[in-house]
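A short worksheet on the structure shown next.
The values are calculated or read from the model by the stated rules, or taken from the named source; none is laboratory data. Since the structure is predicted, the reported quantities are computational estimates derived from the model, not experimental observations. When we count neighbours, we look across all protein chains shown, and the Cβ atoms used for this are built from the backbone with ideal geometry, even at glycine. SASA here: full protein model, heavy atoms, side chains in, ligands and nucleic acids out. Shrake-Rupley method; radii C 1.70, N 1.55, O 1.52, S 1.80 Å.
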Amino acid sequence: MNKWLFVSILTLFVCLTGYIFLQRMHSVPTIIYFPIDQETTFTSAATEIEFIQEKNNRQYEISWTSQSKSSKQVYLRQDASLLYDNGRLRGVISRWGENADSISLQKDLTSEDSSYFQAISYHHGEIHYPDDKIKSMQAMSYDELYVVDSPTTPVQSFQSPKNRFAMEWKELLDVTTKQQLLYHWNKLMRHFQIENESYDIIPLTALHKYNRESLPDLTQEETDRIIGQLWEGLYKNYIIPASSGTNNLKSSYIPLVLFAKDRTHLMVLYQLDGKMEKLIQRF
């Protein structure tokens, strides 16, 4: 083969490969933490689970929504929401948009039997300034709903119990869910040989309280950075695989977040498609 023809073909191949790689990188959404922008804020950020209606054969429908709006259009907006049913992962929805200020997510689900639904969402924005300066904006939102499917009454739903019947069902669903989660979390802790005395431990669904509250012994600025980097890792390693449609979501429970008491790192323990996973991030 002519030397110059070979070099030309090789150069074309390298350029084409690079172009395909860049296009693929551009087309796959990611969440990347940058320093928090103090000038751009969320004017709204909310997650909601609503009971829609009872259907035939004791089935019922719920609506799961998440929405957020920023104070201005930004380079990249992206939201992701996770729904759990009695502690088990029920669904994942996410969306992103360029030069956008708002994101809306919505999904209707059919279910049966009594359930304690929990949904947590992460709202993210990437703001680009001149001289290649990039900053982030972020917020978390949460909602929960109890649905009682009792043979003696119509299907009922509530967030806070208003009578003795609802209080008893809330207690039953709380205890059942907690028992399942503790069994699963203890199995993960044993599998990875982790001593819980060295960590502050919190379920993923409780992270939303750190929107306005700092982690123990840390400033709010440090907390914001740690939470942002945590969701960056979760999106890549948990949310994207879980939303691929190839995983058995029922084998995944609410992930457990472990903050090292010496504040050097955190770990996230979870199971996806039957495989136990450990995500480690250094502070």
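Against the set [x] 13.8; [y] 23.3; [z] 21.2, the structure's computed mean projected area of the Cα convex hull in nm² falls on [z]. Amide H to amide H distances under 5 Å link Asn86 with Tyr116, Phe117, Gln118, where only residues 5 or more positions off or on other chains count and H is placed in the peptide plane. The amide H of Tyr199, built 1.01 Å from its N in the peptide plane, has Lys261 as neighbours under 5 Å, considering only residues 5 or more places off or on other chains.
Could you please report the charge total around Lys135, scoring K, R as +1 and D, E as -1 over all other residues with beta-carbon less than 15 angstrom from its beta-carbon? Could you put the intermediate results ahead of the total?
Values: positive: Lys72, Arg77, Lys133, Arg225; negative: Asp37, Glu39, Glu126, Asp131, Asp132, Glu221, Asp224, Glu232.
Counting the neighbours of Lys135, the net charge comes to -4.
Counting only C-alpha contacts under 8 Å and six or more residues apart, can you give the relative contact order of the chain as a whole percent? All intermediate terms of the calculation are to be shown ahead of the outcome.
Details: 530 pairs, mean separation 47.8, N = 283.
It comes to 17 percent, rounded to a whole number.
Counting only protein heavy atoms and using a 1.4 Å probe, the accessible area of His184 comes to about 10 Å².
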